[in-house]
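Just below is one structure, and these are the notes that go with it.
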């Protein structure tokens, strides 16, 4: 079978698969090269170094997650959109643990300015704007949402909810409902106060 030509995108995809299988922090170029059936030195024609590959996984994950969220929130608003956004993130974390771990690291300046990062931010803000929150408060809402989703996913992954009833699924629903209540009330209060 002929070997597929190497490319930056192909190398990063192979590295992302390894991250999902073995863990994000274990990704090294020699393992990526082995998975692709080439010598490690061959990778350097397409990627600068390990840091560039890890940044590439981060950017790939941003783009994939943005796609999943876009599909999940399409045609929805407020609580339905919030639930769709949360479910898309939780599902992505379960299916792609290495890619999800990449999303938890500090993004490089290049990654922050990338199109996938912009798209994911735009989708998240669009969902939260449905609650009529003032622009100045959106950053706080994004952080609150991120803290809930990331914390829940992390605890669920480490078995933090395994030894007590009810199932974590019930708590997940309550957490999303609570966020919807908070964002709804917050938006209403800010509107009554006439805050920009």
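What follows is calculated from the coordinates using simple rules that are stated; it is not laboratory data. As the structure is a prediction and not an experimental result, all values here were calculated from the model. Please note: Cβ atoms are built from the backbone with ideal geometry, for glycine as well, and neighbour counts cover all protein chains shown.
Things to note:
- Likely footprinting exposure, 32, 73, 139, fewest C-beta neighbours within 10 Å first: 139, 73, 32
- Against the main long axis of the alpha-carbon atoms of the chain, helix 168-193 sits at an angle near 60°.
- Seen against the Cα atoms of the chain and their longest principal axis, helix 115-129 is set at about 10 degrees.
- Cα-based equivalent ellipsoid, segment 117-193: semi-axes from gyration tensor eigenvalues, Å: 27, 16, 9
- Legend: ranking of residues 92, 44, 131 from fewest to most surrounding C-beta atoms inside 10 Å; resulting order 44, 92, 131.
- Axis angle, to the nearest 10 degrees, between helix 78-95 and the longest C-alpha principal axis of the chain: 30 degrees.
- Based on the convex hull around the alpha carbon atoms, segment 1-69 presents an average projected area of 4.9 nm².
- One decimal place: the segment residue 164-residue 9 gains 51.5 nm when fully extended, by the rule 0.36 nm per residue minus the C-alpha distance.
- In Å, descending, principal axis extents of the Cα set of segment 57-193: 44, 43, 27
- Helix content alone sets the calculated 222 nm mean residue ellipticity of the chain: runs of n ≥ 4 DSSP H residues at -39500 (n - 2.57) each, divided across all residues, give -24000 deg cm²/dmol.
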